[in-house]
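The block underneath contains the structure these notes are about, expressed in structure tokens.
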Amino acid sequence: MKTLLAALCTGLLIGVTASIGSSQDDPIPPGPVPCQLDWIIYDWDFQLGDCGFTPLDGAGSAVWEYGATGLIPDAPALVWGTVLEGTYPSNSGHSLISPAFTVSEETTLAEVVHYYDLQGTSAGCNMKVNGAILPPYSGYDGEIGSNCTQVGGESGFTGFGGWRTDCFELSSFWNQAITLQFDFGSDASTSSCPGWYLAAVRIGGVAPTLKEETTWTRIKSLFY
Ligand SMILES: [Ca+2]
């Protein structure tokens, strides 16, 4: 079953890649952009535990599970995933919520290490902060199919992403208590793809390039 699923999804991927490659005019889509964090305040490594992440009922079938998976290549021992050992169901619509934290000068970035393999735009996923869709630095893949539950018509990750690390800017939520909401949804069609898997989420920041010495001194005082 596992081999069959991989073959089906890989076949889809090759088909899509070939059609993109046939046009010289299509721009190369941007790749994922890690945050290159200088410090990490919350290191949510799911190999070590569920890190207080909590599934939340959505508009469709529940999918988020924590544990081991043999379905995803190169997966760490434990992950959060949308049905760990199988394809996601039709009409899935479910959220995964991070612990709450306040955005400050040391928590301006969220780095997400994840894997996704979805049936085109018949499923999609995105991250929301206090209800607002937040794009990664490199942008989302596009618009999720309008018939998808929970995320229909929204910007999100679609198709095949494989393992990647994306960076999300949190500065617009300065001084607010926030949670990160990982939303997944699919339409009524039957999928042969595994879904969305999270290996780690890290909250931190990068050293400012400001010439304003007082700001840097204040930040350093948090760590020394
Ligand atoms: Ca799955």
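Every read-out reported here was derived from the displayed coordinates using simple, explicitly stated rules and does not represent laboratory data. If you're wondering where the values come from, they're calculated on a predicted model, not measured in any experiment. Note that we place each Cβ from the backbone using ideal geometry, even for glycine, and neighbour counts take in every protein chain shown.
So if each residue of separation counts as 0.36 nm, and I subtract the Cα-Cα distance between Val206 and Ala68, what length gain in nm does that give?
Fully extending the segment from Val206 to Ala68 adds 46.5 nm.
For region 64-130, just the Cα atoms, rotate onto the principal axes and tell me the three extents in Å, largest first.
40, 27, 18
What's the Cα-based Rg to Rh of region 100-214, Rh via Kirkwood?
Answer for region 100-214: 1.04.
Within region 60-79, which residues have the backbone N less than 20 Å from the label spot 7 Å out from Asp45 along Cα→beta-carbon, could you tell me?
Inside the label zone: 66-69, 74-79.
Testing the spin-label approximation: label points 7 Å from Cα along Cα→Cβ at Thr190 and Ala132. State their distance in nm.
About 4.2 nm separates the two model spin labels.
For a protection proxy built on the mean count of beta-carbon atoms within 10 angstrom, sort 62-71, 41-50 highest first, please.
Descending packing order for the listed peptides: 62-71, 41-50.
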